[in-house]
Amino acid sequence: MKREITCIVCPKGCLVTIDDANLEDVSGFGCPKGIEYAKNELLHPVRTVTSTVKIEGALHDRLPVRTNGDIPKELIFECMKLIRATKVSAPVRCGQVIIEDILGTGIDLIATRNA
Amino acid sequence: MNRNYDVIVVGGGPAGLAAALEANKNGAERVLIIERDKELGGILNQCIHNGFGLHYFKEQLTGPEYAQRFIDMLEGTGIEVKTDTMVLSVTPDKKVWAMNTEDGYCCFNAGAVVLAMGCRERTRGAISIPGERPSGVFTAGTAQRYINIEGYMVGKKVLILGSGDIGLIMARRMTLEGAKVLAVCELMPYSNGLKRNIAQCLDDYGIPLYLSHTVTDIKGKNRLESVTVSRVDENLAPIPGTEIEFDCDTLLLSVGLIPENELSRNAGVPIDRRTNGAVVWQDRQTEIDGIFACGNVLHVHDLVDFVTKESMIAGRAAAEYVKNGGFPETTAENTVSLAAGNGVSYVVPQKIAVERTEKFVEAFFRVRTTYKDSEIVVRADGEELNVIKKSQLLPAEMERVVLPKAMLQKAAGKEITIEVRTKGDN
């Protein structure tokens, strides 16, 4: 069956059409990243998670964080549970690892600002 | 304290940072950034989601990371920064009056001023939503600041009015933090947000989008209790009998942004009523010599990357202005004015000094409504100078045409209009 998938890789948001029975039958992409994204959406969708954790001793009470790569979409809410339970202390550098190998994905949660 | 500067930049968000860095790079020796918040970075600090920087840095960054890159670049440049400092007025002779708890009320003298104050959200009052006035009604950006910076959750059952990017991003953010987002309602028959944000913020979490719907009543004594939503007709008027009542404790408004030009107006800078920003030349100089404007205070951009690019133009020009002791006066014969034609809501810049053009000028504009399979026509005095085919045009996406110097020389002294032509117009 033909599936229509909005690519989220860049702000352009191409509408990629892909056949879920034949992943090589793909059209509507503006660049090769769109092909890869559409295939992943059918096989194992992944997302980057961005949120905040508690921080003590900084200008603000929250430290922004993100996963430094994509994690499986079905793990997003599990990941949020861990993020909510995390508390750090200043100083923190942008890029510093906050949670290593989150949920065994091989992906780290990192700080996205100095604090 | 030496209070004389080559360039003073009002606002330390992405526009101000890029303008200051570029002014410094182009020979302005004493550059000062004045920021009213306690830190630099502006609205990027609360935009913790990713998707920034793909054009400028060729990678996906979050808002704070994008800001941090520019803040890091300040190091070693000698650019001075005053945070927690409020600019109260800018005068046409480029005096900047400001106040903070260290210096008190003080005046700085500038060779050139760059206005980079950004924009503000439209509020419930601005769109006159009827009903009671309980707590729990927020602009989306205010809620974003509470959650992402101050760490307060704003509600549990949420309805969002407006499908601009901030509204979509907040739908996902509230969901991740455990709230139930009931729906996003949009007055127009199309979304004003990026398609990828519809996909990754709404579709991913099963949040419905009601197009051609608006809020027609708000109920609640102390806290918001329910919001009534109605379908609208083609004139955007609510249709009686189509009401849906949502029980919710929070309403987020993402209903548009307005450039924040109080300082510009008080300085006497003429404002374009279509952009709500200053009328500018191609180097982002306003109609007042030596006062420049860039970023969302000039016109609301879709992507911060474009704010950065525009602000670099303004910063470079401000440095040139100071170095050369001003720009030579541009005569009417050497001026091209740009105008929004059929189907186009605005064009920036509004004026082009032909002799100050290097190779080309990029004109940015927005269309009034959605168009499929149409053409962008660039015209001077009836003559078609350029026609560009477009498979799709959306008001939410800023468009761009390049006007080469040769074309501008031909059109000197005239008006160039940019318009949309659909098949029916031929």
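The values are calculated or read from the model by the stated rules, or taken from the named source; none is laboratory data. No experiment lies behind these values; they were computed from the predicted model shown. As a convention, Cβ positions derive from the backbone with ideal geometry for all residues, glycine included, and neighbour counts pool all protein chains shown. Ligands, DNA and RNA are stripped out before the accessible areas are found, and what is left, the full protein with its side chains, is counted by its heavy atoms. Shrake-Rupley method; radii C 1.70, N 1.55, O 1.52, S 1.80 Å.
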What percent of all Cα-Cα pairs in the stretch A:50-111 falls in each 10 Å bin, counting up from 0?
-> 23, 58, 18, 1
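Might you report the magnitude of the Cβ-based charge dipole of the protein assembly as shown about its Cα centre, with Lys and Arg at +1 and Asp and Glu at -1, to the nearest 20 debye? Walk me through the numbers before you get to the answer.
Numbers: 63 positive and 71 negative charges, 80 e Å.
Approximately 380 debye in magnitude.
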Charge-dipole axis of the protein assembly as shown as Lys and Arg at +1 and Asp and Glu at -1 on Cβ define it, positive-most pick from B:ALA406, B:VAL9, B:PHE306 = B:VAL9
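Just to check, using Stokes-Einstein with a Kirkwood Rh over alpha carbon pairs, what's the diffusion coefficient of the protein assembly as shown at 20 °C and 1.002 mPa s in µm²/s? Show your work: numbers first, answer last.
Values: Rh = 24.9 Å.
D, rounded to a whole number, is 86 µm²/s.
Anything over 28 Å Cα to Cα? Flag those among B:LYS25/B:LYS359; A:LYS12/B:LYS389; A:LYS2/B:LYS309; B:LYS25/B:LYS58; B:LYS95/B:LYS405, in the order listed.
Values: B:LYS25/B:LYS359 21 Å; A:LYS12/B:LYS389 17 Å; A:LYS2/B:LYS309 39 Å; B:LYS25/B:LYS58 22 Å; B:LYS95/B:LYS405 35 Å.
As for pairs spanning more than 28 Å Cα to Cα, those are A:LYS2/B:LYS309; B:LYS95/B:LYS405.
Classify chain A: rounded, prolate or oblate, from the alpha-carbon gyration tensor (a ≥ b ≥ c, eigenvalue square roots; a/c under 1.5 rounded; otherwise prolate if a/b is larger than b/c)?
Values: a/c = 3.49, a/b = 2.45, b/c = 1.42.
Judged from the Cα gyration tensor, chain A comes out prolate (a/c at least 1.5, a/b above b/c).
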For the protein assembly as shown, build the charge dipole from Cβ charges (+1 Lys, Arg; -1 Asp, Glu) around the Cα centre, then report which of B:GLY63, B:VAL114, B:LEU252 sits farthest towards its positive end.
-> B:LEU252
List the residues whose amide H sits under 5 Å from the amide H of B:TYR210, counting only those 5 or more places along or on another chain, with H placed 1.01 Å from N in the peptide plane.
-> B:VAL184, B:CYS185, B:GLU186
Could you work out how far the C-alpha centroid of the stretch B:261-320 sits from that of the stretch B:182-229, in angstrom?
-> 32 Å
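Just the number, please: Stokes-Einstein D of chain B in µm²/s, Kirkwood Rh from C-alpha pairs, 10 °C, 1.306 mPa s.
Working: Rh = 22.9 Å.
This corresponds to a translational diffusion coefficient of 69 µm²/s.
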3J(HN,Hα) from dihedral phi, the stretch B:7-24, Karplus parametrisation 6.51/-1.76/1.60, rounded to Hz, x for glycine, proline = 10, 10, 10, 9, x, x, x, x, 5, x, 4, 5, 5, 5, 4, 6, 5, 4
Average partner coverage of A:9-19, which counts Cβ from other chains inside 10 Å = 4
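Could you grab the relative contact order for chain B? Cα pairs under 8 Å, six or more apart, rounded to a whole percent. If you can, show how the numbers build up before the last one.
Numbers: 1033 pairs, mean separation 66.6, N = 426.
Rounded, it is 16 percent for chain B.
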Residue mean of other protein chain beta carbons inside 10 Å, A:60-67 = 6
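Taking the Cα centre of the stretch A:50-111 as origin, work out the dipole magnitude from +1 charges on Lys and Arg Cβ and -1 charges on Asp and Glu Cβ, in debye rounded to 20. Write down the numbers at each step before the final one.
Numbers: 8 positive and 8 negative charges, 50 e Å.
So the dipole magnitude of the stretch A:50-111 works out to roughly 240 debye.
With an 8 Å Cα cut-off and a minimum separation of 6 or more residues, compute the relative contact order for the stretch A:2-43 in percent. Could the numbers behind the result be given before it?
Values: 63 pairs, mean separation 14.8, N = 42.
Computed over the stretch A:2-43, the figure is 35 percent.
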For chain B, what is the accessible area per residue in Å² when the probe is 1.4 Å?
-> 41 Å²
How large is ³J(HN,Hα), in whole Hz, for each residue of the stretch B:348-365 in order, when computed from phi with the Karplus curve 6.51 cos²θ - 1.76 cosθ + 1.60 and θ = phi - 60°, using x for Gly and Pro?
-> 10, x, 8, 9, 10, 8, 4, 6, 8, 8, 7, 10, 7, 10, 8, 9, 10, 7
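If each DSSP helix of 4+ residues adds -39,500 (n - 2.57) and the sum is divided by the residues in the protein assembly as shown, what number results at 222 nm, nearest 500 deg cm²/dmol?
Numbers: 10 runs with 98 residues, N = 541.
The per-residue figure over the protein assembly as shown is -5500 deg cm²/dmol.
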In the stretch B:344-425, with Lys and Arg counted as +1 and Asp and Glu as -1 at Cβ, which of these residues, B:VAL348, B:LEU385, B:ILE418, has the Cα nearest the positive end of the dipole, that is, farthest along it?
-> B:VAL348
Would you tell me the mean number of C-beta atoms belonging to other protein chains that fall within 10 Å of each C-beta in B:184-196, as a whole number?
-> 2
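For a quick protection proxy, order the peptides B:352-360, B:211-219, B:292-300 by their average other-Cβ count within 10 Å, most packed first. Mind dumping the intermediate values first?
On the way: B:352-360: 16.1, B:211-219: 19.1, B:292-300: 29.4.
Descending mean neighbour count gives B:292-300, B:211-219, B:352-360.
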Near A:LYS87, which lysines are there with a Cα under 28 Å away, not counting those fewer than 8 places off in the same chain?
-> A:LYS54, A:LYS73, B:LYS38, B:LYS156, B:LYS157, B:LYS180
Please tell me the relative contact order of the stretch B:56-153 in percent, rounded to the nearest whole number, where contacts are Cα pairs under 8 Å and at least six residues apart.
-> 12 percent
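Dipole size in debye (nearest 20) for chain A around its Cα centre, Lys and Arg Cβ +1, Asp and Glu Cβ -1? Don't jump to the answer; show the numbers that get you there.
Numbers: 15 positive and 15 negative charges, 122 e Å.
Value, rounded to 20: 580 debye.
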Which of the chymotrypsin sites (Phe, Trp or Tyr not before Pro) found in the stretch B:123-208 are in a DSSP loop and have at most 15 neighbouring Cβ atoms, other than their own, within 10 Å?
-> B:TYR152, B:TYR190
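Where a ≥ b ≥ c are the square roots of the eigenvalues of the C-alpha gyration tensor, would you call the stretch B:344-425 rounded, which needs a/c under 1.5, or, failing that, prolate if a/b is larger than b/c, or oblate?
Values: a/c = 2.27, a/b = 1.69, b/c = 1.34.
Prolate, because a/c is 1.5 or more and a/b exceeds b/c.
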Excluding residues fewer than 8 places away in the same chain, name every one of the aspartates and glutamates whose C-alpha is closer than 12 Å to that of B:LYS195.
-> B:ASP165, B:ASP203, B:GLU397
Taking H placed 1.01 Å from N in the peptide plane, check which residues at least 5 places from B:ALA339 or on another chain put their amide H under 5 Å from its amide H.
-> B:ILE416, B:THR417, B:ILE418
Would you work out what percent of the accessible area of the protein assembly as shown, with all protein chains in place, is carbon or sulfur (probe 1.4 Å)?
-> 49 percent
What is the packing order of peptides A:68-77, B:31-40, B:276-285, taking the mean over residues of other C-beta atoms within 10 Å and listing the highest first?
-> B:276-285, B:31-40, A:68-77
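Could you sort the peptides B:154-162, A:47-55 by per-residue average Cβ neighbour count (10 Å cutoff), highest mean leading?
On the way: B:154-162: 23.1, A:47-55: 21.4.
Those peptides, ordered most packed to least, come out B:154-162, A:47-55.
Ignoring ligands, DNA and RNA and using a 1.4 Å probe, state the total buried accessible area between B and A in Å², rounded to the nearest 100.
On the way: alone 18910 and 7150 Å², together 23460 Å².
In total, this chain pair buries about 2600 Å².
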Once phi for every residue in the stretch B:85-93 is put through the Karplus expression 6.51 cos²θ - 1.76 cosθ + 1.60 (θ = phi - 60°), the whole-Hz ³J(HN,Hα) values, with Gly and Pro written as x, are 10, 9, 7, 9, 7, 10, 9, x, 8
For the stretch B:169-277, what's the radius of gyration and Dmax over Cα atoms, in angstrom?
-> 17.1, 50
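For the stretch A:2-43, what is the accessible area per residue in Å², given a 1.4 Å probe and the full set of protein chains? Intermediate results must be reported in sequence, preceding the final value.
Working: 2300 Å² over 42 residues.
Dividing the accessible area of the stretch A:2-43 by its residue count gives 55 Å².
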